[in-house]
Amino acid sequence: MPDRPVAAPTTAPTTAPTSTPASRSPRPPGPTRSPFLAQLDDPARTLDARPRPTPCVLLLSRACDTDLDPVRNLLAGAGIRTARLNAEELAATSLTIAPDRRTVRLNGRELTPTVTWIRHFAPTALDPAAYDRAAYDPAGTPRGAFLRDSWQAAAAQLAAISGTAVRPDRPGVLCQLDLARRYGIAAPRAVLTTDPHLVRDEFDGPRVVVKAAGHHFVEPVPGRLHGIFPTVLDRADLAGGPRPGPPVIVQEYVEHEAELRVYFVGGQLHAFEVTKTAPADPWTAPDRLGVRALPSPPPDVAAATRTLAAAMSLRYGAFDFLLSAGTPVFLEVNPDGDWRWAERRTRTTPVTVAVAAMLAALHRAAL
């Protein structure tokens, strides 16, 4: 017989599947996170160990500027760091300025300049041959001129990003004398000319002073300064010399009983009486130089100094005055004038202390 097909079961299985609930019950919470690993989410435990720029006072000058050495020592004693950039050492200087962060990387140091003081910084001290003798020729070539001009621009940028800048910007001597007269301060008559013999009849006195229209030093060779100092001449002697020559200032000679050097330092005044036989004595004959520290400048001199310092927006300046029949006569101001020569002669340090105090106050204000 043929096989019969097997019929499908007609009864339900003995065990029915479990019905699905309408909603699931919440799962029991997992184990809490380890307190040890929880530290990874705590921002208070993040330590920023990256190098941070050091706030500092930045000094731009020359290696021979010894006035700044005791100032740096005083600032270090107050916990204020300084950095120095000398014009003679620019060939070995690595510099990067980041104006957006107001930071400077100087020879590997990350700095934030709080105060930048530009004193005797002169790119003429840079020897282009020190960079690369194969690529940069000595002075007088376009490459050398470009190097010096670029460093002058870099110094201006350093001052621009600093919290405060003390710069040697000043009006020319003729502008200074005119400014003094406008404020009622006595000043000698002076003219600038390339032909001194043409102006000899414009002065009444028997003598005149001839001096440089700009700086008293030139640097034809890096590191070799040549001084061109004021000279007192009889008016009749103005007939000699090349015609025309370089622009010079011819100024009337003022008879006087005393000469004063007054240092304006952040509002403070420190005065010295100076005795000399010729205007060039401080440089050419320092042994003949007499210096006496004054407890304070005469009131008229103090008032004139403060007036001119405010008019020229100076934080520091070395002012020269003559006392003629008791009246102060303003000669000029040098915004980067040296002071240690006067302190050494008098065995005092008032200007050094005042300069350090000024820089410290500017540094803290910038912070």
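Among the residues examined, Arg340 does not qualify as at pLDDT 95 or above, open to solvent by 20 Å² or more (accessible area, probe 1.4 Å) and on the phi > 0 side of the Ramachandran plot.
In summary, Val291 fulfils each of the numbered conditions (1) assigned to a strand (DSSP E or B); (2) out of contact with any helix residue (DSSP H, G or I) (no Cβ under 9 Å at 6 or more places or on another chain) with the single exception of condition (2).
Scanning the range 179-206 for residues that are outside any loop (DSSP other than H, G, I, E, B) and open to solvent by less than 70 Å² (accessible area, probe 1.4 Å) yields a total of 9.
Out of Ala309, Ala285, one residue alone is small (Gly, Ala, Ser) and either open to solvent by 10 Å² or more (accessible area, probe 1.4 Å) or in contact with a Leu (Cβ under 8 Å, 6 or more places away or on another chain) (or both). It is Ala285.
Quick check, is Leu60 over 24 Å from Val218 (Cβ atoms) and modelled with pLDDT of 90 or more? So Leu60 does not fit the description; no. Against the conditions (1) of a type in the set (D, E, K, R); (2) touching a helix residue (DSSP H, G or I) at 6+ places or on another chain (Cβ under 9 Å); (3) touching a residue at least 60 places away in the same chain (Cβ under 8 Å), Arg200 satisfies every one except (3). Checking each residue of the range 122-140 against the condition of being closer than 30 Å to Ala354 by Cα, of a type in the set (A, V, I, L, M, F, W, C), open to solvent by 10 Å² or more (accessible area, probe 1.4 Å) and at pLDDT 90 or above gives no match.
Yes/no per residue for (1) open to solvent by 100 Å² or more (accessible area, probe 1.4 Å); (2) at pLDDT 90 or above; (3) part of a helix (DSSP H, G or I); (4) on the phi > 0 side of the Ramachandran plot:
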| site | (1), (2), (3), (4) |
| --- | --- |
| Pro2 | yes, no, no, no |
| Ala7 | no, no, no, no |
| Arg27 | yes, no, no, no |
| Ala44 | no, no, yes, no |
| Asp48 | no, no, no, no |
| Asp65 | no, yes, no, no |
| Asp69 | no, yes, yes, no |
| Val104 | no, yes, no, no |
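Selection of the range 75-102 for residues being open to solvent by 50 Å² or more (accessible area, probe 1.4 Å), of a type in the set (Lys, Arg) and at negative phi yields Arg81, Arg101. Of all residues in the range 169-178, those that are open to solvent by 70 Å² or more (accessible area, probe 1.4 Å) and touching a helix residue (DSSP H, G or I) at 6+ places or on another chain (Cβ under 9 Å) total 1. If you check Pro328, Pro286, Pro298, Pro350 for being touching a Phe, Trp or Tyr at 6+ places or on another chain (Cβ under 6 Å) and either free of Cβ contacts under 8 Å to residues at least 40 places away in the same chain or of a type outside the set (A, V, I, L, M, F, W, C) (or both), only one passes: Pro328.
Restricting attention to the range 147-160, report how many residues are over 20 Å from Tyr316 (Cα atoms), modelled with pLDDT of 90 or more and open to solvent by less than 40 Å² (accessible area, probe 1.4 Å). Result for the range 147-160: 2. Applying the criterion of being without any contact (Cβ under 8 Å) to a residue 24 or more places away in the chain and surrounded by 15 or more Cβ atoms within 10 Å (Cβ to Cβ) to the residues of the range 219-254, the residue that is nearest to the chain's Cα centre (by Cα) is Leu225. Against the test of being closer than 30 Å to Ala365 by Cβ, at pLDDT 90 or above and out of contact with any helix residue (DSSP H, G or I) (no Cβ under 6 Å at 6 or more places or on another chain), the options Arg182, Arg207, Arg261 yield a single qualifying residue, Arg261.
Scanning the range 207-218 for residues being in a loop (DSSP other than H, G, I, E, B) and open to solvent by 50 Å² or more (accessible area, probe 1.4 Å) gives a total of 1. Val333 passes all but one of (1) open to solvent by less than 70 Å² (accessible area, probe 1.4 Å); (2) without any contact (Cβ under 8 Å) to a residue 12 or more places away in the chain; which number fails? If we test Val333 against (1) open to solvent by less than 70 Å² (accessible area, probe 1.4 Å); (2) without any contact (Cβ under 8 Å) to a residue 12 or more places away in the chain, just (2) comes out false.
The values are calculated or read from the model by the stated rules, or taken from the named source; none is laboratory data. Here the structure is a predicted model, which is why all the values come from computation and not from measurement. Backbone-built Cβ (ideal geometry, glycine too); neighbour counts: all protein chains shown. Just the protein is used for accessible areas: all its heavy atoms, side chains included, with ligands, DNA and RNA removed. Shrake-Rupley method; radii C 1.70, N 1.55, O 1.52, S 1.80 Å.
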